[in-house]
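Here is the structure we will look at, set down as structure tokens.
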Amino acid sequence: KMVENSPAPLPERAIYGFALFLGSWFGFILYLIWAYIPETWLFSLGLTYWPQKYWAVALPVYLLVAVGMGYILLFGINMMSTAPLNSTDTITDNYAKKQQQKKFQEEAIPALRDIPISEVNRMFFLPEK
Amino acid sequence: MAEERRFSSASGAPIALRRRQHSASCRELSVRAPRLQLRSLSAATSAVWLAAYGLFALSENSMVLSAAIFITLIGLIIYLHFVKIDQESLLVIGSLGIQVTSSYASGKESTTFIEMGQVKDVVINEAIHMQKVIYYLCILLQDPEDPQGVSEVVPLFQSSKPRLDCLIEVYKSCQEILEQRKTAPQSS
């Protein structure tokens, strides 16, 4: 079971990789043929129902503009999802509110818990008495 | 008894913190930002007027120049009255409440009062704000149903944004007064 999840090279993976390699070369050559060979030559071969050559330029342009807009969108979505300074999400959340207090045992490592912000502030900023 | 110390804000501008103790349970802390500089005012005005003159040279329409003068005047008035905050102060009265005042450059003052029963604590919180992580002081308001819960967070000193050293001074002063709440017996 462990062997199937490892990233090591396997014979099946080599075959998939080679098939993808051949497939992507074939797709690229097909795209070049569609974009460059004049329509009349394609018609004379019998290929009359291929999409307009306009799309051979339009689709890459659409893709690149989408990538550029994606950068801006991601930036904007991140800024919108950040909690504003006056929201309680900066202090606590549902998991912290519902956490249970475990009993304190001597000589044991204390259990992990979310410490309230007032306590943290006192520890950091008020001098130790 | 008043003392004033210089600090710097989160963006690097110099600010001044003034602490006044009116009585054993009443303290006032004011943060003063630098006033509107003549050089930034002249720079903004010159930029707007040069742009308007450029438009006038292109379009030969003299309304552009009058519009630019109008925009500069109205913009300056709006900025001084609604945007430029000169001083933010915090008045903590032990048994009564906390008052937050913002004074604008035009003289306008905006005040908020929070009574002591609603105040859970005054803490320094850190949060993400516009691609930076900043420390800011805030008042935590008590949730009426849940004694451990926080119903609302009121951020303070939003426009002057002092740095951590200034915030620690303000925090210590506030905590000295808030601690008296626990030791003093509840009379109301």
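The values are calculated or read from the model by the stated rules, or taken from the named source; none is laboratory data. Remember, predicted model here, so these are calculated numbers, not experimental data. Using ideal geometry, Cβ is built from the backbone for each residue, glycine included, and neighbour counts are taken over all protein chains shown.
Kindly indicate whether A:P127 is loosely packed, with under 12 Cβ neighbours inside 10 Å, more than 9 Å from chain B (Cβ to nearest Cβ) and over 27 Å from the mean Cα position of the chain (by Cα). It would help to see each step written out before you state the result.
On the way: loosely packed, with under 12 Cβ neighbours inside 10 Å: yes; more than 9 Å from chain B (Cβ to nearest Cβ): no; over 27 Å from the mean Cα position of the chain (by Cα): yes.
Against the criterion (loosely packed, with under 12 Cβ neighbours inside 10 Å, more than 9 Å from chain B (Cβ to nearest Cβ) and over 27 Å from the mean Cα position of the chain (by Cα)), A:P127 does not qualify.
Kindly list the number of the only condition in (1) part of a loop (DSSP other than H, G, I, E, B); (2) touching a Ser or Thr at 6+ places or on another chain (Cβ under 8 Å) that fails for A:L85.
Single failed check for A:L85: (2).
Determine, yes or no, whether A:A66 is at pLDDT below 90 and either outside any loop (DSSP other than H, G, I, E, B) or under 24 Å from the mean Cα position of the chain (by Cα) (or both).
Numbers: at pLDDT below 90: no; either outside any loop (DSSP other than H, G, I, E, B) or under 24 Å from the mean Cα position of the chain (by Cα) (or both): yes.
It is false that A:A66 is at pLDDT below 90 and either outside any loop (DSSP other than H, G, I, E, B) or under 24 Å from the mean Cα position of the chain (by Cα) (or both).
When you check A:N78 against the structure, is it of a type outside the set (G, A, S) and part of a loop (DSSP other than H, G, I, E, B), yes or no?
Values: of a type outside the set (G, A, S): yes; part of a loop (DSSP other than H, G, I, E, B): no.
When the stated conditions are applied, A:N78 does not pass them.
I need the strands (runs of 3 or more DSSP E) fully contained in segment B:85-176, keeping only those with at least 1 residues that are under 16 Å from the mean Cα position of the chain (by Cα) and surrounded by fewer than 15 Cβ atoms within 10 Å (Cβ to Cβ). It would help to see each step written out before you state the result.
Details: elements: B:85-93, B:97-104, B:109-115, B:119-129, B:132-142, B:150-155.
So the answer is B:109-115.
Out of curiosity, is B:A184 modelled with pLDDT under 90 and not polar (S, T, N, Q)?
Details: modelled with pLDDT under 90: yes; not polar (S, T, N, Q): yes.
Answer is yes for this residue.
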